[in-house]
Amino acid sequence: MISYLESLGLNGVQGYAVSVECFISSGLPAFDIVGLPDAAVKEARERVRAAIKNSGFKFPVSRITLNLAPANTKKSGTLYDLPILLGILAAGDVCKLPKEKTAFLGELSLEGKLRPVQGVLPMAIAARKLGFTTIYVPAENAREATLADGLTVIPVQCVTQLISHLRGAEKIEPEPPWIPEDIEEHYPDFADVKGQEHVKRALEIAAAGGHNVLLVGPPGSGKSMLAKRMPSILPDMTKEEALEVTQLHSIMGMLPSHAPLVRQRPFRSPHHTISPAGLTGGGSTPRPGEISIAHKGVLFLDELPEFRKEVLEVMRQPLEDGMVTISRASGASSFPSHFQLICAMNPCRCGWYGDPSRRCICSQASVHAYLSKISGPLMDRIDIIVEVPALNFEKLQNRSQPEPSCEIKKRVDAARRVQQERFKGTKCLCNAYMQTRELRECCELDEACSLLMKQAFEALGLTARSYDRIRKVARTIADMDSSEKIQPQHIAEAIQYRSYKLINDA
């Protein structure tokens, strides 16, 4: 007997159809799975055997051959447990499979219960695009699968329940579409930060235009505190952005079952001991790294020079392209990585170089060696460099209430609305993502601005990339001032954020 049913697979964040073919023939008892299965798929034989027996069905004492097609694509994970089990039962006439185009996926316990699997949302979205009408998933993944509009999602708790449903004895009600509740989001607030008004201004500009930032200052000046409050002033995610982020979190198994949609912009802060693969993604079966998990959010690298050089250098291409491609002998997988980079560092190894207290014990050569750990090409991809000085006692004792994040966010949202209107109908989302065409159309400089840029270009030794980034920051400042054209004061402020002396000297 032979049976056919459909399942799904993942390549990066793109799902694809997998056909499960089961052939039961006479001969010595055997159970073979072919079609480039990995270790987890091969181990499905024992889980399926135990689940069938413990669910009250008879496991065939025959030669069983299971093929996962396309056979030249590697299959990984535990999601094929359920289709393998159904293939065996359908080939043995224990149940009938649905006539409509249906996909099955889920991991089995030894007693026949279904456990949740990773990556259900991107596979459900792929199923909809491939013309599937129904998808059977573990009950804990059902809410997540309903986010792919247009599919009937059947939540399955155990094998016996599913077989009763397929026989028509006891129907399983489809999962209703998940509707998010209105929950007030709580972020760390800029109202907690005393002083550092010029740093808050720089972060506001960064949030308004999606620019990358480097904070430089001594220990205890508030660099990490400021960076962690960045998500509180970023614009709210659109539904499309939330689905993109949720797909990546689904692949990593980071979604709680009660809240299957990521509604807050991610904030990732990896430790400086992270590996290049941990940052960009990797593995024999490629998985997203920190830069992809931070997609549409913030990637915060604290103590930047402490990261290994090869770790920092792998970010250069994703920062430009917004995409990271991981190539292996078996193929290539791509993950989106449109993140906002926020970095923090001390000006030297002891942390006090340039401080008025004169506590620094580092030599000039030591300071240069410390700062030179950050390569020129990486610095070229950072739009805003701002100094964060240590606070004096008077500012710490000041009882005036700093401006809260909600007020700053209103100005950021207003600037983003200007950009959305400007870039309507294009792939550009904000000023930081402008390409040559948008720069030519939106960042034209008059004679006064051009003269100012020429002086800065020669004095600071700017590159073509840093020249473009200054124009992008100036465009954002002009948007915040509701100015149609870039003015000299906008260019001057943007240049100021590229002229931190210690970095330039290094």
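The values are calculated or read from the model by the stated rules, or taken from the named source; none is laboratory data. From a predicted model like this one, the values you see are computed outputs, not experimental measurements. Neighbour counts are summed over all protein chains in view; Cβ atoms, including those assigned to glycine, are modelled from backbone coordinates with ideal geometry. Protein only, heavy atoms only, side chains kept; ligands, DNA and RNA dropped before computing areas. Shrake-Rupley method; radii C 1.70, N 1.55, O 1.52, S 1.80 Å.
Annotation: amide H of Thr463 has no partner in the under-5 Å range at sequence separation 5 or more or interchain, hydrogens built in the peptide plane. Our estimate of slack between Lys171 and Ser25, defined as 0.36 nm per intervening residue step minus the Cα-Cα distance, is 49.4 nm.
Region 376-415 and region 73-132 have their alpha-carbon centroids 50 Å apart. Compared with the dominant principal axis of the Cα atoms in the chain, helix 44-54 is inclined by about 50°.
From the Cα gyration tensor of region 223-335, with a ≥ b ≥ c the square roots of its eigenvalues, which class applies: rounded if a/c is under 1.5, or else prolate if a/b is larger than b/c, or else oblate? Oblate, because a/c is 1.5 or more while a/b does not exceed b/c. Annotation: per residue accessible area for region 427-506 equals 54 Å², rounded to a whole number [probe 1.4 Å, protein chains only]. Rounded to the nearest 0.05, the FRET efficiency derived from the C-beta distance between Asn398 and His186 at R0 = 25 Å is 0.50. Computed FRET efficiency, Cβ-Cβ of Ala329 and Ser372, R0 30 Å: what is it to the nearest 0.05? Calculated transfer efficiency: 0.25. Highest mean first, the peptides 157-168, 121-132 sorted by other C-beta atoms within 10 Å per residue fall in the order 121-132, 157-168. With protein chains left intact and a 1.4 Å probe, residues in region 169-245 average 46 Å² of accessible area per residue. How far, in degrees from 0 to 90, does helix 120-129 lean away from the longest principal axis of the Cα atoms of the chain, to the nearest 10? Tilt of helix 120-129: around 80 degrees. Computed extension gain for Ile179 through Thr238, at 0.36 nm per residue and net of the alpha carbon distance, reaches 19.7 nm.
Coupling constants for region 354-364 follow from the phi torsions by the Karplus curve (6.51 cos²θ - 1.76 cosθ + 1.60, θ = phi - 60°), and in residue order they are x, 6, x, 6, 6, 7, 5, 10, 8, 6, 4 Hz; glycine and proline get x. Positive end of the dipole of the chain (Cβ unit charges, origin at the Cα centre): among Thr73, Ile486, Leu162, the Cα lying farthest that way belongs to Thr73. Apply the a/c threshold of 1.5 to the C-alpha gyration tensor of region 331-420 and tell me whether it is rounded, prolate or oblate. Oblate shape, in that a/c is at least 1.5 and b/c is the bigger or equal ratio.
Peptides 111-117, 365-371 ordered by packing proxy, namely the average of other Cβ atoms within 10 Å per residue, highest first: 111-117, 365-371. Just check region 19-109 against the gyration tensor rule for me: Cα atoms, a ≥ b ≥ c as the square roots of the eigenvalues, rounded for a/c under 1.5, and otherwise prolate or oblate depending on whether a/b exceeds b/c. The shape class here is rounded.
In plain terms, the chain from Arg411 to Val94 could stretch by 107.8 nm, reckoned as 0.36 nm per residue minus the Cα-Cα distance.
Listed as lacking a disulfide-compatible partner in the chain: Cys22, Cys95, Cys158, Cys343, Cys350, Cys360, Cys406, Cys428, Cys430, Cys442, Cys443, Cys449, by the criterion of no other cysteine Cβ under 4.7 Å.
Converting phi to 3J(HN,Hα) with the Karplus coefficients 6.51, -1.76 and 1.60 and the offset θ = phi - 60°, region 475-488 yields 4, 5, 4, 5, 4, 5, 8, 6, 9, 5, 10, 6, 9, x Hz in sequence order, with x at every glycine or proline.
Contact order for region 5-77, expressed relative to its length and based on alpha carbon pairs under 8 Å spaced 6+ residues apart, stands at 43 percent. With θ taken as phi - 60° and the Karplus curve 6.51 cos²θ - 1.76 cosθ + 1.60 applied, the whole-hertz 3J(HN,Hα) list for region 339-344 is 10, 9, 8, 10, 10, 9 Hz, x standing for glycine and proline. Whenever you get a sec, compute what percent of the accessible area on the chain sits on carbon and sulfur atoms (1.4 Å probe). Using a 1.4 Å probe with all protein chains present, the chain comes out at 51 percent carbon and sulfur. Modelled label positions at Arg128 and Tyr16, each set 7 Å beyond Cα in the direction of Cβ, lie 2.2 nm from each other.
Modelled spin labels at Gln264 and Thr73, positioned 7 Å past Cα toward Cβ, are 3.6 nm from each other. Angle between the Cα long axis of helix 197-209 and the longest principal axis of the chain, 0 to 90 degrees, nearest 10? Approximately 50 degrees, to the nearest 10.
Set the Förster distance to 60 Å, then compute FRET efficiency between Arg115 and Ser482 from the Cβ-Cβ distance, nearest 0.05. Efficiency at R0 = 60 Å is approximately 0.65.
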